[in-house]
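First comes the structure, then the notes that go with it.
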Amino acid sequence: MTSMTKKKARRPQLGPMERARRQANYIRLLAFLVAAMILMAGLKLNLFPELYMLGVAGLLIYPMSAQGLLFLFDKQDRPTKTVHQLLMQADAMVIGLVCALLHFALVPAMVLLIIVHANSVSSGGLKPWLLNVLMTGVGALLMGWMLGFQVLSPEQTPVLLSVISMLGLGIYVGASSAFAHLQARYLKQAQELVGRQQKQAVDMSRKLAKYLPPQVWGSIFSGKRDAKLETRRKRLTVFFSDIKGFSAISEELPLTTLTKMLNTYLSEMTRIALRHGGTIDKFIGDAVMIFFGDPKSEGAQEDAYRCVLMAIEMQEQMKLLRQRWQREGIDHKLEIRIGINTGYATVGNFGTDSRMD
């Protein structure tokens, strides 16, 4: 016996758009089932010759063929939008043929016209609907010409045929309403999915932004700079700084105190650098590397001027930080050393396709 603990293979879940397309195919099938039902009722009431059974068979075969064509295109990853539009016009032409087969009986013909044209308006809009009207007329004229334009007057139309037609219309309207409700739900699910993905992307970009200079992050996410290996020569003003005697101090201070002090220092230096437009390249322990001139530049002279102003402000800020640390019990007289140079450098992305700097 087959083990009861064996799990059944799960079918892959369909996306909202795929489910909506399948629902649309079911609605097409239902529309032609209604048409076949009306024509079959006319045959049972002896209004039409037995040869019209071929028309009933065609109304049952056509939607199956249309669904098979859509499935074939979808399986081959070919665009199905054009096929959908062509099938919509073919639907209208077939309904025109059926109206002629019904000898243009008023109520049955009106029911079929309402079905096909309501579907075209809801699915395509005004332009496809006008084309649908044309194709319906072509189908009706073609079949009417072949049959000699026989017309069944309202007095000759049995009440039962009209009742069956209205019943078919009611079934179609109910199914279409349910389909519209499902489409709205699928659309809501798709919007919620897109919203979650956008939120995840925003959260991820905010996290990644903390590891990149704001200028570099902004140029990448705006599309101005691509993440590929490329370099170029530019004139930069480069700033280096470190804390004098920091290695010795790090051996004396407790880890928590050292971490708090270093984070405070780097936060203050970062704030000043960003205010002056500097691109923070990296932190190496207590050392800071900043450059001016890439990815944005105000000109070599202005870049150098801003860098010097930044360095002066950092020195002034360091005096305030020493006073603060002294109040917290850190008696070491911390000073920063700064080096600035202006010249041509090769800038860009270095490394490999999987890891760049």
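Table for the structure above
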item: Residue in the range 20-37 that is assigned by TED's automatic domain parsing to the domain that holds Val173, modelled with pLDDT under 65, among the aliphatic types (A, V, I, L, M) and surrounded by 13 or more Cβ atoms within 10 Å (Cβ to Cβ) present; result: yes
item: Residue within the range 315-336 that is closer than 30 Å to Arg232 by Cβ and outside any loop (DSSP other than H, G, I, E, B) present; result: no
item: Positions within the range 309-330 being in contact with a Phe, Trp or Tyr (Cβ under 9 Å, 6 or more places away or on another chain) and over 18 Å from Asn263 (Cα atoms), in sequence order; result: Met310, Ala311
item: Counted residues, the range 45-63 - those being surrounded by 13 or more Cβ atoms within 10 Å (Cβ to Cβ) and either farther than 17 Å from Val116 by Cβ or of a type in the set (Val, Ile, Thr) (or both); result: 6
item: Of all residues in the range 123-152 being small (Gly, Ala, Ser) and either in contact (Cβ under 8 Å) with a residue 12 or more places away in the chain or assigned to a helix (DSSP H, G or I) (or both), the one that is nearest to Ser176 (Cα to Cα); result: Ser123
item: Tabulated pairs, the range 174-185, first in the same structural domain as Val34 (by TED's automatic domain parsing), second surrounded by 11 or more Cβ atoms within 10 Å (Cβ to Cβ) and at pLDDT 80 or above, C-beta under 7 angstrom, 6+ apart or interchain; result: Ala175/Leu30
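The values are calculated or read from the model by the stated rules, or taken from the named source; none is laboratory data. Worth saying up front: this structure is predicted, and the values here are computed from it rather than measured. Cβ: placed from backbone, ideal geometry, glycine included. Neighbour counts: every protein chain shown.
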